[in-house]
1. Could you list, in sequence order, the residues of the range 107-132 that are of a type in the set (Lys, Arg) and touching a residue at least 40 places away in the same chain (Cβ under 8 Å)?
2. Working only within the range 126-154, note down all residues that are buried (at least 21 other Cβ atoms within 10 Å of the Cβ), part of a loop (DSSP other than H, G, I, E, B) and hydrophobic (A, V, I, L, M, F, W, C).
3. Looking at the range 181-200, can you tell me whether even one residue there is of a type in the set (A, V, I, L, M, F, W, C), at pLDDT 95 or above, touching a Gly at 6+ places or on another chain (Cβ under 7 Å) and in a strand (DSSP E or B)?
4. Go over the candidates Ala161, Ala200, Ala206 one by one and state the one that is surrounded by 15 or more Cβ atoms within 10 Å (Cβ to Cβ) and either outside the structural domain of Tyr104 (by TED's automatic domain parsing) or without any contact (Cβ under 8 Å) to a residue 60 or more places away in the chain (or both).
5. Can you find a residue in the range 114-125 that is small (Gly, Ala, Ser), part of a strand (DSSP E or B) and out of contact with any Gly (no Cβ under 9 Å at 6 or more places or on another chain)?
Amino acid sequence: MIVKHKITAHVSYIYMVSIFCFFLSGCASHFHLVKTDSNNYKTEAGEQEATDIKNMIAPYKEQLDAEMEKVIGQLGMDMVKEKPESTLGNFVADLVHEQCEKYYQKSIDFTVVNYGGLRIPSMKAGPITRGKVFELMPFDNMMVIMELDGESMQQLFGVMAAKGGWPISKQVQYQIKEGKPEEIKINGLAFDPNKTYKVALSDYLANGGDGLFFLREKKQFQLGKLFRDAILEYIESQKNQFLSSSKDGRVRIF
């Protein structure tokens, strides 16, 4: 006979241990977080089984908690997520761009991050923990480089403008008027529809996510790095610095 119990607690423990195993095994490049529905879980042993599992996992949970609470850097200011540009969005886009060029070992024209990819509204000044970066970007999105022609670029900027502006690296400046992009500049030069641009973005976007369906068949160059790992590595490399950001008018609405 199956006893129908909701076992939210021990499902969450299993989830945390899976993340802990992810840390230890080095399998980060293919680990994907998924939403679990605890209502679908049943147990024959009922409450005793839940208790046994909790006791078994307890030492691993302690190690996981210690890992996630580890301070990896310092924010010198509050950073907020907002549109059309923001301190948090600019911070992430710029550091990811820097990391992308480091991994790619070539220059890239710019980096774009979708607004929904940043999962918390703000980060407070003070110590930054590994756990906070996981909150910021919990999904295992990989970093990719794409070479986009003029038409694809216009579609990309069209989607970003229609959505009110996404985080984009400082190599780009443009304005949004009535939901459409205008006066696009890349690396200080006016957008050239006859040129091919190298763009860094997540595999989620490259595979057509968040309205970028026109990118699905485009060639991708995989960097073999998670967006989140790029953020972690950058912050850890700047551990002795107070990190900051600013809004510089790279995206404006008229």
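1. Lys124, Arg130
2. Answer for the range 126-154, where residues must be buried (at least 21 other Cβ atoms within 10 Å of the Cβ), part of a loop (DSSP other than H, G, I, E, B) and hydrophobic (A, V, I, L, M, F, W, C): just Met137.
3. There is no residue in the range 181-200 that is of a type in the set (A, V, I, L, M, F, W, C), at pLDDT 95 or above, touching a Gly at 6+ places or on another chain (Cβ under 7 Å) and in a strand (DSSP E or B).
4. Unique residue meeting the criteria: Ala161.
5. Yes - at least one qualifying residue is present in the range 114-125.
The values are calculated or read from the model by the stated rules, or taken from the named source; none is laboratory data. Keep in mind that this is a model prediction, so the values were computed, not measured. As a convention, Cβ positions derive from the backbone with ideal geometry for all residues, glycine included, and neighbour counts pool all protein chains shown.
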